[in-house]
């Protein structure tokens, strides 16, 4: 319990708005299919989420080039930089306490064919009870919807795990209808299965690549973010 309190306090000091703990053991088989037996060294994980600026997210609803590029720099460089540095510090503290700790970089693809990272941050966050995976394929928190960025620290520390939250998208199809790439399929998340049935990643990726070409820019990703901006679960009161 003492370590849990230390982790939470350090997480909030580093700027995170959410901190939870996940039990990965029942999902090791699924996760091993991606990152190998390595994952079995870590029965637990720390899930961390940082709330995004409403003003920045709201500004991309119009899909204007200058706002999109500003969002890209905020999203991938500023927020992820803070998370990655903070995760290293927390992992170091966990290891000083005698446990293994593996900080997984925020939003960094290592499996190019799947366009995915070492582990699914949103799956871990869902297991930790920080939110649920919505029809848009994103983690939706009760307070801020998808307007968060996620980070994960794998560990063998015996942390008390949270409980998953039931999905609350219901009959809402706003993201499905609005997706300019036609990538969102409008289906409910099923725990323990690959989420290809939620999102067509290739359509999303191709849309971003075409946008880069049309705009004549050279960045690794030209993120759209519309599914984040329009989700009613996270919209600010003045924009609902």
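Taken together, the values in this text are just the output of simple stated rules run on the coordinates, not laboratory data. Not measured: the values here are computed from a predicted model. In this analysis, Cβ positions are derived from the backbone assuming ideal geometry, glycine residues included, and neighbour counts consider all displayed protein chains.
How high is the relative contact order of the range 127-199? Use alpha-carbon pairs under 8 Å, at least six apart in sequence, and give a whole percent.
39
Among 137, 182, 216, whose mean-square fluctuation peaks in a Gaussian network model of the chain (Cα, cutoff 10 Å)?
Of 137, 182, 216, the Gaussian network model singles out 216 as fluctuating most.
Taking the Cα atoms only, what angle lies between the long axis of helix 80-96 and the longest principal axis of the chain, rounded to 10 degrees?
Taking Cα atoms only, the helix is inclined about 10 degrees.
Where does each of 171, 176, 155, 141 land when they are ranked from fewest to most other beta-carbon atoms within 10 angstrom?
With the fewest neighbours first, 171, 176, 155, 141 line up as 171, 176, 141, 155.
Over the chain, with a Gaussian network built from C-alpha contacts below 10 Å, which listed residue (37, 106, 61) shows the highest mean-square fluctuation?
37
For the residue pair residue 9 and residue 215, what label-to-label distance in nm results when each label sits 7 Å from Cα along the Cα-to-beta-carbon direction?
About 4.3 nm, to one decimal.
Would you mind pulling out the separation of the Cα centroids of the range 147-180 and the range 20-48, in Å?
Between the Cα centres of the range 147-180 and the range 20-48 lies a distance of 16 Å.
From the helices alone, meaning DSSP H stretches of at least four residues, give me the mean residue ellipticity at 222 nm for the chain, per-run term -39500 (n - 2.57), in deg cm²/dmol to the nearest 500.
-10000 deg cm²/dmol
Let me have the relative contact order for the range 2-239, percent, based on Cα pairs under 8 Å that are six or more residues apart.
25
Is the C-alpha gyration tensor of the range 1-122 telling us rounded, prolate or oblate? Criteria: a/c under 1.5 is rounded; beyond that, a/b larger than b/c is prolate, otherwise oblate.
Taking the square roots of the gyration eigenvalues as a ≥ b ≥ c, the range 1-122 is oblate.
By count of other Cβ within 10 Å, fewest leading, how are 219, 90 ordered?
The most exposed by this proxy come first: 219, 90.
How would 148, 228 line up from fewest to most surrounding beta-carbon atoms within 10 angstrom?
Fewest to most other Cβ atoms nearby, the residues stand as 228, 148.
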